[in-house]
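The next block holds one structure in the form of structure tokens; read it before the comments.
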Amino acid sequence: MGDLRYKLLISGYILIDLNETELDISSGNKIVYSAPETVIVESPTLLLDGKLNVYEQKVSGRPSRIGRIERGKLILPISKSQATSLVRFEPVEQAVCVSWDESLGWGFLPRDDQSVAELTKGLYEAACSLHWILEMSAISSGLDRLANLLIQVADELGVQQEDRIWLKGVPDTKELAVLAGVSKESAAINLEWLIHQGILSREDGKLFLHSLERLRELVSRQDENKAE
């Protein structure tokens, strides 16, 4: 899952690709937004035309852009606390959106099998990500420490192999936990999450790092969150 989808998910939105759909557009409320208006997403909203910038709201300072949503994407709100949302949607010049009132329920759903499959796939991926967010929120305090330890191992013992680094000599999960100063459970979950994100992989008992840059960015982002 990309950073944009992750930020949207923890902010109470699921982003689903529905580029080839037969949604019942006529039953929705179509609105044209122009920059710098804020697009209100309180019910299922489809971007029919244009693009939306997504900004991360800051406690202090100016919002920062974290990504862009293209036409054909369905934004599905899963939280009622939009007033405290961590993100803001703003059109790039102009955007045409259609949203469906809650009273319609799921009456806007596509009728063709392909679109239903795409919607189901999007919901399944979001559910998987929510699983990781819940797991991580329980014992995630050690992610930055574990990531820093893996960076140290990569710098000192890493063996470059084309587009990945073999973390040669990396200790097992229990030893990693001790060295990072976290619980074994925390180390295990964080390792699996890094694998799920494609940053790490396991093969034949060996651990490989696929992006040292992404791991460093992760640590930097964790430090920024602590500072806020």
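The values are calculated or read from the model by the stated rules, or taken from the named source; none is laboratory data. Since this is a predicted model, take the numbers as computed values, not measurements. All Cβ positions, even for glycine, are placed from backbone atoms using ideal geometry, and neighbour counts span all protein chains on display.
Would you say Asp155 is in the same structural domain as Phe208 (by the TED database), within 17 Å of Ser211 (Cβ to Cβ) and surrounded by fewer than 13 Cβ atoms within 10 Å (Cβ to Cβ)?
yes
Among the strands (runs of 3 or more DSSP E) lying completely within the stretch 137-214, list those that include at least 3 residues that are over 21 Å from Asp3 (Cα atoms).
The strands (runs of 3 or more DSSP E) meeting that bar are 158-161, 164-167, 206-209.
Only one of these conditions is not met by Glu185: (1) surrounded by 14 or more Cβ atoms within 10 Å (Cβ to Cβ); (2) modelled with pLDDT of 80 or more; (3) of a type in the set (Asp, Glu). Which number is it?
All conditions are met except number (2).
Considering only residues that are surrounded by fewer than 16 Cβ atoms within 10 Å (Cβ to Cβ) and assigned to a loop (DSSP other than H, G, I, E, B), look in the stretch 63-85 and name the one that is modelled with the lowest pLDDT.
Only one residue fits best here, namely Ser81.
Can you confirm whether Ser60 is modelled with pLDDT under 85 and either more than 29 Å from Leu218 (Cβ to Cβ) or outside the structural domain of Leu218 (by the TED database) (or both)? Full working, then the answer.
Numbers: modelled with pLDDT under 85: yes; either more than 29 Å from Leu218 (Cβ to Cβ) or outside the structural domain of Leu218 (by the TED database) (or both): yes.
Answer is yes for this residue.
For the stretch 17-50, what are the residues that are of a type in the set (A, V, I, L, M), at pLDDT below 85 and within 19 Å of the chain's Cα centre (by Cα)?
Scanning the stretch 17-50 gives a single hit, Leu18.
Would you check if there is a residue in the stretch 96-112 being modelled with pLDDT of 85 or more and outside any strand (DSSP E or B)?
no
Across the stretch 133-147, what is the number of residues that are surrounded by 18 or more Cβ atoms within 10 Å (Cβ to Cβ) and either modelled with pLDDT of 80 or more or over 17 Å from Thr173 (Cβ atoms) (or both)?
Number of matching residues: 5.
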